[in-house]
Every structure is written in C-alpha cells, then in structure tokens.
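The values are calculated or read from the model by the stated rules, or taken from the named source; none is laboratory data. Keep in mind the model is a prediction, meaning the values are calculated, not measured. Neighbour counts are summed over all protein chains in view; Cβ atoms, including those assigned to glycine, are modelled from backbone coordinates with ideal geometry. These accessible areas exclude ligands, DNA and RNA; they are computed on the full protein's heavy atoms, side chains included. Shrake-Rupley method; radii C 1.70, N 1.55, O 1.52, S 1.80 Å.
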Amino acid sequence: WRLERSSYGRSNFIYGVNTNAEIIANIKTFKNEIVNYGVNPKNIHLIASSSVVKSEDIPALNSQLTDVSLKIESINAADEARYALLATVPREFIDESFIVDIGSGNTKLAWVEKDDTLSVEIHGSKYFLSEVQDTTVFREVRDALLQVPEKNRNLCFMLGGMIFEFVKGEVEGSNDRYFVLDPPNEYPIDNEKLKAANVIYNALYLEPTFSYIFDRDSNFSIGYLVSQKQ
C-alpha cells in the first residue's frame, strides 16, 4: 500500500466539543474532498476508532448519514491494534517486533505470537484530562509492556500524533517513512500533552528494545483496508 493523502487535526472528539451536527458536516465535507480527489464513492470507508466508539453515539450518527450513503464502521481496541500492526510492521521484522499506537483516548500495544495477534489497551495520551496521575500511567504502561514476550521486544514501531510532535523536525522536508527516535529525555515536555506522551514513552523505554521507530504514514485504518483485500 501507499499513502497518497492525509489530513489530521480536524476533530475534537476527545474534548467533547463536537456536536452531532458538526460531526455530520465534517463527514460530508470529507466525502466530497475524497470523491473530488478521484476515489470511487463505493470505495470509501468511514471508520470510528475505539476511543470514539466509547465517547459517541454511533447509531445516532448513522441515522443522520443516510443521505450520503455512508455508514460508520465501529472498531474495537483489539482490532484497531491488529490493523495498526498489519499496516506498519514489515513482514521480515514481525517475529521480533511489537507496535505501540498512542491515541488520544487509549494506547494499544500489539504483537504476533504463534500466528495470533495479541494486544493490550491502556490509557491514551490525554489521560491528564481525567486527572489520572503520571505514576499510575507509567506503571500501567510498564505492566502492559512486560506482557509482550521478550523475543518480540527488539524493535518497537510507534504511531500517534504526539510521537510525531517529538520527531516533526526530522519528518518535515523528508521523504522517509520511518524515523528512529532518540531516548525520551531528549524530547520537550513543555505542555501537558507532550508531558503525557513522554511518560508513556519512558515506560516503554526498556531493554531489550534497541530501536523505537516512528512510522509517519501508517495508521489502523490502512490496516483495515489491507485486511479487506486478504
């Protein structure tokens, strides 16, 4: 697969500031943009991530989408992690890798063990909005990490907007897809979101992992599309 176009930062689900009317209007705008780009409307999938499913009334939104011939497909955290792994980790590294997708509402870890994809769901990067303590999140993430078999912890592939914030200076102006991260203490923590992401990254920073790799192109929705062709 190849990423042709992307758009980020145009919703505020996790802050609860989008009304249903605004969500529907955004969806209709997105559909028009995608069709104008050249995509057949029959090939458009509208997917709600696991954190959105928890915070929004998906059936109510679907009832308002009948006029645009789209239906929201809900994804749970386990499937989201599986799709993210499918799209991100090259096959030759699958037996020595795991993936971490740091989303706003939750963080997912996933790895392959005996041909099965296993996953763990924990707090997302905006846990501070719920007044959860940094120490609690660190312990929770570290406990989740230790569920990943040691043989799968040589490489950690990472997704998420906050990880992008750490490496955006390298990403901007580059055509590369993968970027190796520096240690957590090399990145700024000058706002609550960056501090939260750094807590999660610190909890993940543990031997035997020798490379933490950000993928600028991938996300779980691409894995969902790939799965449709298998």
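Report, by residue number, each residue of the stretch 36-58 that is modelled with pLDDT of 85 or more and not in a loop (DSSP other than H, G, I, E, B).
Hits for the stretch 36-58 are ASN36, TYR37, PRO41, LYS42, ASN43, LEU46, ILE47, ALA48.
Report, by residue number, each residue of the stretch 59-99 that is part of a helix (DSSP H, G or I), open to solvent by less than 60 Å² (accessible area, probe 1.4 Å) and over 24 Å from THR117 (Cβ atoms).
Scanning the stretch 59-99 gives ALA60, LEU61, ASN62, VAL68.
Going through the stretch 167-187 one residue at a time, which ones are over 24 Å from GLU96 (Cα atoms) and either in a helix (DSSP H, G or I) or touching a helix residue (DSSP H, G or I) at 6+ places or on another chain (Cβ under 6 Å) (or both)? Spell out the reasoning first.
Within the stretch 167-187, the first condition is being over 24 Å from GLU96 (Cα atoms), and the residues that meet it are 168-175, 185-187.
Within the stretch 167-187, LYS168, GLY169, GLU170, VAL171, ASN185, GLU186, TYR187 meet the criteria.
Quick test of your reading of the structure: LEU129 fulfils all but one of (1) buried (at least 20 other Cβ atoms within 10 Å of the Cβ); (2) part of a helix (DSSP H, G or I). Name the failing condition by number.
Exception for LEU129: condition (1).
Would the stretch 104-123 turn up any residue that is in contact with a helix residue (DSSP H, G or I) (Cβ under 9 Å, 6 or more places away or on another chain), crowded, with 16+ Cβ neighbours inside 10 Å and modelled with pLDDT under 85?
Just the residues of the stretch 104-123 that are in contact with a helix residue (DSSP H, G or I) (Cβ under 9 Å, 6 or more places away or on another chain), to begin with: 104-113, 117-123.
If we keep only those that are crowded, with 16+ Cβ neighbours inside 10 Å too, we end up with 104-112, 117-123.
With the extra rule that they be modelled with pLDDT under 85, the set shrinks to 104-105.
For the stretch 104-123, residues in contact with a helix residue (DSSP H, G or I) (Cβ under 9 Å, 6 or more places away or on another chain), crowded, with 16+ Cβ neighbours inside 10 Å and modelled with pLDDT under 85: present.
Please give the number of the condition SER125 fails out of (1) within 22 Å of ILE94 (Cβ to Cβ); (2) in contact with a Lys or Arg (Cβ under 7 Å, 6 or more places away or on another chain).
Unmet condition: (1).
Kindly indicate whether ILE213 is closer than 14 Å to ILE163 by Cα, open to solvent by 70 Å² or more (accessible area, probe 1.4 Å) and either among the aromatic types (Phe, Trp, Tyr) or not in a helix (DSSP H, G or I) (or both).
Spelling it out, it is not the case that ILE213 is closer than 14 Å to ILE163 by Cα, open to solvent by 70 Å² or more (accessible area, probe 1.4 Å) and either among the aromatic types (Phe, Trp, Tyr) or not in a helix (DSSP H, G or I) (or both).
Can you give me the number of residues within the stretch 185-223 that are among the aliphatic types (A, V, I, L, M) and over 18 Å from GLY124 (Cα atoms)?
Residues in the stretch 185-223 being among the aliphatic types (A, V, I, L, M) and over 18 Å from GLY124 (Cα atoms): 3 in total.
Can you name the residue in the stretch 135-152 that is within 19 Å of the chain's Cα centre (by Cα) and open to solvent by less than 50 Å² (accessible area, probe 1.4 Å) and is also nearest to PRO90 (Cα to Cα) among such residues?
Once the filter is applied, the top-ranked residue is VAL148.
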